[in-house]
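Accompanying notes for the structure given below.
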Amino acid sequence: PSAVQSVTKKPNMNLITKLTIASSIAASAAVAQTAPEAPVSTAGLLGQRHVSAGFGYIDVNHSRVDAFATGITGNLPVSANVDLSVSYAHSWLESMSSVTEDTVSAGATVFFADQGLKPFAGAAVGYTWNDFDNGALWTVEAGVEYALGARSALTVSAGYGDLFDGDNEGSFSATVGANTWLNEGWGLTADVTLVEGGDLGVSAGVAFRF
């Protein structure tokens, strides 16, 4: 089999599911939501309004394949505790720029603020396509964000993603991320994601809040 087929029986769709999890976490880690009227901690990403871009790398376990993903996300607050977001992600395999996947998605996140601690849960649905296949997908995520001061925060979360067609096994993931605000507008983020099966992803992003 090819390098891609050595990853999974349905390589492209399974890979994009994993990439979507990692890159969406990268994007969401670089893009936060806001309720401007809520006078809670602004050190982290939750409770902020952002547009951002992120880049991610995945070391695909049990193969010689490395994957990359980049994405952009925009979020719109609809209440003090609920945010809506839309995202686009593009992924590809190392040395195989013709093997690519694209994903668009929309999601919602609910969070609650207790001083510097913000537990949250979110869900998203989307559509992914490549030269070989396409399909609708869904992801869920839950975690907590903890302020480390006036400008920085740490986030720990767990997620799961799958396709709606029922033919693909989904993937669990766990993420540890951090962010810091350089000023009132610009911020930096970084995170590490472990995907079920041993895939390891790292990502970084830049965010602009307004």
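Taking a ≥ b ≥ c as the square roots of the eigenvalues of the Cα gyration tensor, region 73-114 is classed as prolate, since a/c reaches at least 1.5 and a/b is larger than b/c.
Annotation: peptides 81-92, 122-133, ranked by per-residue average of other Cβ atoms within 10 Å with the highest first, follow the order 81-92, 122-133. Judged by the mean number of other Cβ atoms found within 10 Å, the most tightly packed of the peptides 136-148, 178-190, 49-61 leads the ranking 49-61, 136-148, 178-190. Using the Cβ-Cβ distance between Asp66 and Leu148 with R0 set to 25 Å, the FRET efficiency from 1/(1 + (r/R0)^6) comes to roughly 0.20.
Note: relative contact order over region 137-210, using C-alpha pairs below 8 Å and six or more positions apart, is 22 percent. Modelled label positions at Asn134 and Val206, each set 7 Å beyond Cα in the direction of Cβ, lie 3.3 nm from each other.
Highest average first, the peptides 198-210, 64-76 ordered by how many other beta carbon atoms sit within 10 Å of their residues are 64-76, 198-210. Per residue, region 92-134 exposes an accessible area of 55 Å² to a 1.4 Å probe, with every protein chain left in place.
Averaging Cα coordinates gives a centre for region 155-182 and one for region 120-148; these two points are 7 Å apart. Surface composition of region 121-210: carbon and sulfur make up 67 percent of the accessible area, probe 1.4 Å. Beyond 15 Å, how much of the Cα-Cα pair distribution for region 145-207 remains, as a whole percent? So the portion of pairs separated by more than 15 Å is 59 percent. Summarising the amide proton neighbourhood of Asn179: residues at separation of 5 or more, or on other chains, whose placed amide H is nearer than 5 Å comprise Ala153. Counting only the Cα atoms, region 103-145 fills a convex hull of 61 Å³ per residue. Taken along the Cα-to-beta-carbon direction at a fixed 7 Å, the label points for Ala121 and Ser79 span 1.4 nm.
The values are calculated or read from the model by the stated rules, or taken from the named source; none is laboratory data. In this text, all values refer to a predicted model and were calculated from it rather than measured experimentally. Note that each Cβ is placed from the backbone with ideal geometry, even for glycine, and that neighbours are counted across all protein chains shown. What goes into the accessible areas is simple: the full protein's heavy atoms, side chains included, and nothing from ligands, DNA or RNA. Shrake-Rupley method; radii C 1.70, N 1.55, O 1.52, S 1.80 Å.
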